[in-house]
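Below is one structure; the comments refer to it alone.
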Amino acid sequence: MAANGRGLGRAVSAPCPAWRRAHWEAKGRLKPEYDAVVIGAGHNGLVAAAYLQRLGVNTAIFERRHVIGGAAVTEEIIPGFKFSRASYLLSLLRPRIYTDLELKKHGLRLHLRNPYSFTPMLEEGTTSKVPRSLLLGTDMVENQKQIAQFSQKDAQAFPKYEAFMNRLALAIDPLLDAAPVDMEAFWQGSLLQRLKSLSTLTPLLQAGRILGAQLPQYHQVLTAPITKVLNQWFESEPLKATLATDAVIGAMLSPHTPGSGYVLLHHVMGGLEGVQGAWGYVEGGMGALSDAIASSATAHGASIFTEKAVAKVQVSSGGRVLGVVLQDGSEVRSKVVLSNASPQITFLKLTPQEWLPEEFMERISQLDTQSPVTKINVAVNRLPDFLAAPNAASGQPLPHHQCSIHLNCEDTTLLHQAFEDAMDGWPSHRPMIELCIPSSLDPTLAPPGCHVISLFTQYTPYTLAGGKVWDEQERNAYADKVFDCIEAYAPGFKGSVVGRDILTPPDLERIFGLPGGNIFHCAMGLDQLYFSRPVPLHSSYRCPLRGLYLCGSGAHPA
């Protein structure tokens, strides 16, 4: 039941966002020169443009697609159903950005989820006995009651674990906003440069002070397999597997892979409305977030152009950026160019190669971009009815419907087996599934009584074994396997499906420009973070080409 092409446009009746009105008013007014140009109107590029324009830097953003937002978009794939087609939950957008860009003033509305995690079991499922499930939220006492179904010891340990991880998140969090330490200036610069570089050490020193004597234990979280960390805290597999999903989601990692602990930390460092670690739905879908950022940018004078792909970055004979050339041949001059595209697209496709060091280009070409993700967007005519938590007679959403619903996640062994399938070149036989129903909190996304469902699934390799390719047959075969798994937990699910949209790693790359389908632009391993993101440079943390900057997920900070 793949969606047909006619359903791929935005809703005709959708209200016109402020940025689009501003664009229409400026239609045909592409200027030959701006102070700054941003390649790509993904949410990171929009944020960069908004900040520049607020400072009085005349900025233009060029987006190749018909819709802004990059992976943070809302698209009406199936008539009447509005999907956050790629990115589907909000948390990691930095709190300062909300305030500085006045996103609420520009229409951003959020729906916080509480509870936030639901893991149903298949065990003991008979007509006379309801299977167990694990429901977690912000109420610690209730969390402990839920965990006690599986282990009293784990119920007692859980508050200590949460405090331990929150402390680590508190220490690491400031590093997400700070440029890496300028090692060249620190070791080889003038006295003045060395003194200035000391300020870049401040976040690291603050992190060390927060972690204190427990630094060795925290170092283990960042470097060890998450199973090793969780085994030291807990004994029950449903709890460990539920927590481990955040250590592998979006990453081609097993819970047994060293470094998977950092991926978990990355996903608990966010927050919404002052609630640490909270994740929520954006009213109107993730595209509404991008629209709010765009509205903030255009309110200060930024110009946004859709269906204007950049073909190349222009460089002067002296090795400095001059601007960009669009695919239609238009030349736009600017003092600086910011690229929200991936490092691979920026440096290997858009930048003249003669201006980049050979070693640098080689490192960029070798970036780890493996992705396990296939995203499936589903329209249904009724809520899933889980054996472990039957629906209300009224058909109204219950608390567990608003959660991230983890399927095939009762045991970390299941996650590892799913990973091993992908390492052999095959989609997982029993995929890890994160199922979200944003319309359970935001009814504007679907017709009355109907719902939109986001399935974030893994593991699916970019390249299939046996010479197979991700054609329609393979896409649908994998989606059918995912639906069969959901059916086991929620009988009747397959009969409720109105339509679906299947996005394998190659699809995510083609549509959204995500290299290898990787939602982070490149893997989140410790070898590709901080001053090694996207690659470790021998000199200061700067692009080799003067006037060219990365502003997307492949850089630190984005």
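Data table
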| quantity | calculated |
| --- | --- |
| FRET E, pair ARG320, THR99, Förster distance 30 Å, beta-carbon r, rounded to 0.05 | 0.30 |
| 3J(HN,Hα) from dihedral phi, the range 438-447, Karplus parametrisation 6.51/-1.76/1.60, rounded to Hz, x for glycine, proline | x, 5, 5, 10, 10, x, 6, 8, 8, x |
| Reachable aspartates and glutamates from LYS82, criterion Cα separation under 16 angstrom, eight or more residues apart if same chain | GLU283, ASP291, ASP442, ASP501 |
| Inter-site label distance for GLU235 and ASP139 at 7 Å from Cα along Cβ, in nm | 2.7 |
| Label-point separation in nm, VAL497 to LYS31, each point 7 Å along Cα→Cβ | 5.0 |
| Difference of contour (0.36 nm per residue) and Cα-Cα distance, ASN476 to MET361 | 37.7 nm |
| Per-pair calculated FRET efficiency, R0 = 45 Å: ALA393 and ASP368 via Cβ, rounded to 0.05 | 0.35 |
| Solvent exposure ordering (accessible area, 1.4 Å, most first) of HIS219, HIS416 | HIS219, HIS416 |
| Sparsely packed GluC sites (Glu not before Pro) within the range 354-413, loop by DSSP, other Cβ within 10 Å at most 11 | none |
| Prolate/oblate/rounded call for the range 238-352, Cα gyration tensor, a/c under 1.5 rounded | oblate |
| Interchain or long-range residues, amide H under 5 Å from GLY137's placed H | TYR116, ASN143 |
| Residues ALA311 and LYS335, FRET efficiency given R0 of 22 Å [Cβ-Cβ distance, rounded to 0.05] | 0.65 |
| Between the range 247-280 and the range 101-166, the Cα center-to-center distance that results, in Å | 15 |
| Karplus 3J(HN,Hα) series, Hz, for the range 71-85 with 6.51 cos²θ - 1.76 cosθ + 1.60 (x for Gly, Pro) | 7, 9, 10, 10, 9, 8, 5, 10, x, x, 10, 9, 10, 7, 5 |
| Top positive-direction residue, dipole computed over the chain with Cβ charges, set LEU175, GLY495, ALA60 | ALA60 |
| Counted charge near GLY425, where neighbours are those whose Cβ lies closer than 15 Å (Asp, Glu -1; Lys, Arg +1) | -3 |
| Span-like helix ranges in the chain, DSSP H, alpha carbon extent 15 angstrom or more, Kyte mean at least 0.5 | 191-211, 286-299 |
| Over the range 352-470, volume per residue of the alpha carbon convex hull, in Å³ | 190 |
| Probe 1.4 Å, all protein chains present, accessible-area order of ASP424, ASP480, largest first | ASP424, ASP480 |
| Estimated inter-spin distance, THR223 and ASN381, nm [label 7 Å along Cα→Cβ] | 5.7 |
| Ranked packing of 500-507, 548-555, most packed first, by mean Cβ within 10 Å | 548-555, 500-507 |
| Whole-number percent relative contact order across the chain, with pairs defined as alpha carbons under 8 Å at least 6 apart | 22 |
| Principal axes of the range 173-332: Cα extent on each, largest first, Å | 62, 52, 31 |
| The chain, dipole about Cα centre (Lys/Arg Cβ +1, Asp/Glu Cβ -1), debye to the nearest 20 | 1520 |
| Dipole of the range 204-331, positive direction: furthest Cα of VAL324, VAL248, GLY212, with charges on the beta-carbon | GLY212 |
| Net charge of neighbours whose Cβ lies under 15 Å from the Cβ of LEU265, counting Lys and Arg as +1 and Asp and Glu as -1 | -1 |
| Positive-end residue, the chain charge dipole about Cα centroid, Cβ charges, pick of TRP426, PRO95, ASN408 | PRO95 |
| The range 399-558: translational diffusion in µm²/s, Stokes-Einstein, Kirkwood Rh over Cα pairs, 37 °C, 0.692 mPa s | 180 |
| Accessible area of the chain belonging to carbon and sulfur atoms, whole % at 1.4 Å probe | 55 |
| Accessible surface of VAL498 - all protein chains present, 1.4 Å probe, nearest 10 Å² | 60 |
| Heavy atoms of SER87 accessible to a 1.4 Å probe, total area in Å² rounded to 10 | 40 |
| For VAL38, distant residues with modelled amide H under 5 Å away | ALA60, ILE61, PHE62, LEU338 |
| Members of LYS375/LYS494; LYS308/LYS468; LYS129/LYS160 lying beyond 24 Å, as alpha-carbon distances in this model show | LYS308/LYS468; LYS129/LYS160 |
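The values are calculated or read from the model by the stated rules, or taken from the named source; none is laboratory data. Quick caveat, the model's predicted, so the values are computed rather than measured. With ideal geometry, Cβ positions are generated from the backbone for all residues, glycine too; neighbour counts draw on all protein chains shown. All accessible areas refer to the heavy atoms of the entire protein, side chains included, with ligands and DNA or RNA removed. Shrake-Rupley method; radii C 1.70, N 1.55, O 1.52, S 1.80 Å.
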